[in-house]
Every structure is written in structure tokens, then in C-alpha cells.
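One structure below.
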Amino acid sequence: MRVSGTVIVQARPEQVWAVIADTARYPRFMAGVTRWESRTAGPTRLGSRWIARLQVGSAPVGALVEVVELDPPCDLAWCSITGVEHRGRWRLREVPGGATRVTFRLAYQAPGGVLGLLADKVSGPMVQRIVDDTVQALRAEVEGRPGGTGRRRSALAQVSDAAAGAALVLSTGAVTPVRPDRLLQAAGALQRWGPTPAAAGAVSAARFPDAIAVVDDGGTLTYRQLHRRTNALARGLRQRYAVGPGTKVGVLCRNHTGFVETCLALSKAGADAVLLNTGFAGPQLADVCHAEQVQLLVHDADLAQVAAAAELPRLVAWPAADPAPGPAIAGQAAAPAVAGQAARPAIAGGAAGRGVDDVAGGWAVTAGVPTLDELVAGADRTDPPAPARPGQVVILTSGTTGRPKGAPRDLAASATSALSLLSRIPYRARATMVIAPPLFHAWGYANLMAALALSSTVVLRRRFDPLVCLSDISTQRARMLVAVPVMLQRLADLPDEQCRGFATDSLQVVAVSGSAIPGGVVTRFMDRFGDVLYNLYGSTEVAWATVADPGQLRAVPTTAGTPPRGTTVAILDDDGIELPRGRRGRIFVGNGLGFSGYSDGGAKTVIGGLIDTGDVGHLDSAGRLMVEGRSDDMIVSGGENVFPQEVEELLRSHPGVADVAVVGVPDPELGQRLAAYVVRRPGAAADEAQLKALVRDQLARHKVPRQVVFVDALPRNPAGKVLRHQLAAAVTNGHRIGGPRPAQP
């Protein structure tokens, strides 16, 4: 593969040549190069050898290169001798006006076959962007303007990642022998759709058409069925609603096949999918849809009243009420009968386009609103034309501190960087994955796409129930569970007698993200289910930053772990200076995911190519990240800074505390005071004096909560994050969330 970047520099070729022949200046304009040292004495000449030092994530790597062409001030070319196999060339040509056209070319060899095509597809756009950045930085260097690449990772580092990524893909078992005709179909699908969600489903359908793709509350769907239905849906959306490149479609769906089909169909149409929070109220949904310029809304029937507030054309994805729970057997909740064997029926209750004004159970569907099934039934199921450009996926921020904002994703960059997760979390192809978090959440969606790309079976439920989750793991022989911390806590809190009879020995990976996991929950969960826990720390904007594996969590249960391959984590002070290990500061992350700002034009702070996560923390002596809390959660009480996470972790250690959140509320003397909302364990004795004494005995006095309020439950969004602003408002206004508990149980 070969990529190149060209720029016009306002200087003569001799001036440009003086820069590119001076290897000491390479770290100033070649992205990600930390050092480019000569192995031969004297000026650059034919046969000169250099060692290129690159930063690939948190690890330095190197390559020995040799100059194989030298024609000053026109051409300089090198090829690799060791390290990443590649060839680089500078080409300088004078243009009228005394300027110079500079072209930088980089060529490298990808693996053969479908894997090579995948590597080219996912790495090509990334390498192209880095090459373009390098020539722009060269122009700034020569012309004496502000510029430079800072912490941007180099093109060679991207190539290194692509090569390592290919090896990681091999380790998952994704590359297995298949019939030659299916291999050709898979290559054709990848060529047609590129590194997009559409390709994830289409390639798996070509290679393993009869494998189960999705198990949900309505039945099962094979990869062949999923591919054909999404072809038809993409055509139907184009024909009826003119959905195509530039169209934004809101997806307001719980976890089920309709969500999956909608996202794949939008990808095939080249439209943008805006993933909407199913916990929105009508006015908030309308506000977000207006801000994100949504033109069509796909929603579940039980969310019809909320969806109607957006006043947009609508489609119903799931036209049935929630299924009745299965019979209880020896204290266990039985999973719905979806063992993954029967062919999937039509969506439960889903007569196309039926009009229902009121149905027992509290959900309503406006008469005349069509269903996805209706569009699928009336459309051609062959591959639709490939769109002129790929669509984007817009993930919304959680909105815990304001209106949710869209964070569009560069799909090519996401596909490349997703390989880095394989270096820390052992995903496997054609395995069964239970995805419990909402699919509209970045963590749920990322794992859905990973599962489809790996031809795995995905088990989805519209609502999370810990016993049904265990039943799914048992009956489906699931290898992997994806969850958020509050789900992990509910599983860890199940009484032993309710867990008996569920076979969870197939479970090898439990991947968790979304918020901090209490250390006690980590230990209790692994004591029950084994050392299978992987904790990912990240955000909507940066995706992932670090992963803590089971060994790290056993050693330090509260750690966020270390960066995966291709990811850089730095702790910076308020002036953007990197701090040493042990010092608290702002957490910044870079991983090539290409977050360019929110859809409303806002942006995160970027320093040296690294994005501010909005969190504070430190690196311990072993280089493990310790997240101490949100920078905007910091409470200033009496002039002292308090991060509530530390106080919460201590309060959770009390045997009578099931859950807790600490917030800051206005105080006329201290500025802010600490208030703790506490959920007691059933039958446990925990009072205000005990909890205050616990904090007073182990932390500084200014960290002792001035108030302790006992509640039935903490307010959380669908992704499990505590809505702290609601708690703070409740304390300020004298209200109590979830109803008060008595002073003594």
C-alpha cells in the first residue's frame, strides 16, 4: 500500500532540503517521531543509515533505515532494514514564484488475502491523515510559522499498529479456512462497504451465513437473514424517506434486533445514525433531535409518546410489549425460550403498520406509523448500491452535567483503533457474547460492532435482570459478558441460593466500563465468578484509555489499569506540563480515534494531540492509572478540595452500605458542604453517626459528610451513571430521592 501527501511551501527547494536532510529536526515535523539519529558520520549521503525512534502508544519502537536515493535538492528516499517494513520518499519540485511543491510518500506491505484487504481498508485513511499532517508540519517548520506535530503518532507508528493489529485479529480466530466462494464474497463485501458497520454484518454473512447473529426477546436471526433484511431496509429507507448520505436518523430503541438492523441499514444507505437515550423525556428528546438535526426517528412502541414529542416522521422498530417473565424455578428466573436454535419469527406482535391506540401495559403506537417489518417486506433484498460516502455514528454524551451532545465517530479510525482492545481483552471470534448495557451507549455499541465483525452470536435483552442474565450465560454457554458497574454490583449481590443451578463455567471474559467500579464489588464478583474481569476506563469522546486485567484488579481493585497498544495516557497540570508518577492531575488520552469536536461545534481541550477526559487522577509507581473523579465533581469545602469518589469508596466498605453517592451542596460558611446519599443493605444497621465516624477515623476532617440521607435507590441514567445534579438539587431543596428510609432498619 502507498500513501502520499503534498503541500506547497513558500521557500526555494534548497531551503526545504536543508530541513529534510537534517535528521535532528525530524522530531519537530514528522508525527510521532521522538528521535531520528544517524548511524553514519557526516552529512546525509547515499547509504546513510538512521535509527527512527517512534512512540507507539505507551511503548517506544524503532526501525533501522538506509538512504537508497539521494539527489539534492530534489529527491531523498530510504527503505527499512529492520523493524516495520516500509519505504519513504521526499520529492521536491520548484514551482513559479520561488515556492516548492513537496510530496512525502510512504509505502508498506500489508498481509495478503482478506486480512490484507482489511488492514489496508482500516489503516489507509489513518496513515493518509498522518502523512498529510507531516507535510503540513514541514511547511510550518520551513516557513517559520507555529505548527509541529506535538504528540501526533507517526505514519510508521500507524503502520506498526496495522501490522500488529493483523496479528491480533489472527489471535481471535477470526481468520479461519472457508470455502473459496465465500472468501470471495467476503472480500467483495469488504471492498463494497469499507470499514463500516455494514461491512461487519456483510462479511460475516458471506463467511458464516447460517450462524446465529442475534438472540433477543423475540427469537433468533442468522447472519444471512440479518444481511438480507438490512439490504431490504436500506432500500426501503431510500425509497420511502430518501435516506442517504447526509441524512440523520435518530435511533430510540432498547436492546433488540431492530436496533441492530437499523444501524446496519443506515450504514448501507450512507446515512448518519444518532443513538438516542431511551431514558429521555419528551421535551429533552425534542431538544436533542433539533440540536442534532435528526430528520427521521426509529423507536420502540413503548417509547411512542416520548418519540411523538420530536414531531418527526417515525418508524416503529419493536411493536410489542415486553414479554412476560418466565416461570420461577427454585428461586431462579427462567430466561425466555430463545436457545438460539429456532428460526426467528416475525417481530413479536408486529403485524406491519397496525394501529394501536392503547394497550395494557402502558405503551401506545400511533395509528398509521409503519414498522421496520413493513419496509423490509416491500423491498428488494439484494445488495443496495454502495453510498457515495460512509455515514457516521453519533454517540451522545451522558448529559449528566447538561444537554447531551453528539460526538461523531470517524469509522475508519474507530475500526483501526478497535484492534488495540484485542491487545488487552481476549475477544474471540464465533463465540457468544451477552451485551447487557444499552446499545445507544458507547460501550454497548462498540461491543456490538466487535461481535458482528468477529461473526459472534450476540444475546440482547430489552431490560436487564441479573437472574435472566445468568440464565442467558448458562443456556447460551456465553464466553463473554459485557456490562456496566451497576450491573456487576447487582450480579455480585445475588444471594448464593439464587445463583445455584446456573452453569457459568463458560464465562471467560466479563468486560465492564461506564463508571468507576467499587473495589469491594470487584473482589466479590471475582470471588464468585473467577478472575475473568476486565475494567475499561474511557469516555464518549476518547472511547478507551486504559484496561485493568484480572491480575491488576486482584492487586489493586480500584485501578483503571494501563493503556492498550496504540494509546497514550498522560497526567498534565493546569499548564499542560506532564506530571511524574504519583502526582494528581488532569487525565489526557490519545488513541487515534479522531474525535474532532461535538456536533454543536464545541470541543474538548486538546494538548499535544491528547484529549482531556474531564477526569483527574494519577499514575501509581507501577504505571497503573488511578482515576480519582470528575474534575467538575470536585467539591471545594472550606477552601479544601475533595473528590467524592474517595469518600464513596470508604463508605461502601461499611457492611451496612449497599450504594452511596457524595455530592457538594451550597453552604453559607464553607462555600460547599458534603452530603452523602446512602442505600442500606436489607436488614443492615447503619446510621449517620457510624458513617461519619468511619470517614473521620480514616480521612481528613474536611472530607466528613455534613449530611447523611438514607434513600431507597440512587437516581441513575440507563447506562448506570449516578445523576449527581438531581441529588444536589434534592438536598438544596429539601427533597429526598427515592423516599426516606427510617433512621434504623
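Every number in this text was worked out from the coordinates using simple rules, so none of it is lab data. None of the values given here were measured: they were computed from a predicted structure. Here Cβ is always computed from backbone atoms with ideal geometry, including for glycine, and neighbour counts include all displayed protein chains.
Below is a table of values for the structure above.
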read-out: Theoretical FRET efficiency, 1/(1+(r/R0)^6), r = Cβ-Cβ of Asp75 and Arg2, R0 22 Å, to 0.05; value: 0.90
read-out: Estimated FRET transfer efficiency (Leu183, Asp465; beta-carbon r; R0 51 Å; 0.05); value: 0.80
read-out: Amide H contacts under 5 Å for Ile611, placed H, 5+ residues apart; value: Val589, Gly590
read-out: Dimensionless Rg/Rh of the stretch 474-570 - Kirkwood Rh, Rg from C-alpha atoms; value: 0.99
read-out: R0 of 56 Å, Cβ-Cβ distance Arg706-Glu85: FRET efficiency to nearest 0.05; value: 0.30
read-out: Span from the the stretch 189-203 Cα centroid across to the the stretch 80-94 one, whole angstrom; value: 31 Å
read-out: Chain lengthening between His290 and Asp620 when straightened (0.36 nm per residue, less Cα-Cα); value: 114.4 nm
read-out: From phi via Karplus (6.51, -1.76, 1.60), per-residue ³J(HN,Hα) for the stretch 300-314 in Hz, x at Gly/Pro; value: 7, 4, 6, 10, 4, 5, 5, 4, 4, 5, 6, 6, 10, x, 9
read-out: Per-selection metrics, the stretch 634-733 (Cα): Rg and Dmax in Å; value: 12.9, 38
read-out: Cut-off under 5 Å, modelled amide H: who pairs with Ser48 long-range; value: Val67
read-out: Under-5 Å amide H pairs with Asp659, H placed in peptide plane, nonlocal only; value: Val679
read-out: The stretch 11-17 - phi-based ³J(HN,Hα) in whole Hz, Karplus 6.51/-1.76/1.60, Gly and Pro as x; value: 6, 6, x, 4, 5, 5, 4
read-out: For the stretch 535-548, 3J(HN,Hα) per residue [Karplus equation, 6.51 cos²θ - 1.76 cosθ + 1.60, θ = phi - 60°, Hz, x = Gly/Pro]; value: 10, 9, 9, x, 7, 4, 6, 9, 6, 10, 10, 9, 9, 9
read-out: Simple label model, 7 Å out from Cα along Cβ direction - Gln698 to Arg581, nm; value: 2.5 nm
read-out: Those aspartates and glutamates that a straight Cα-Cα span of less than 12 Å connects to Lys248, excepting residues fewer than 8 apart in one chain; value: Asp272, Glu292
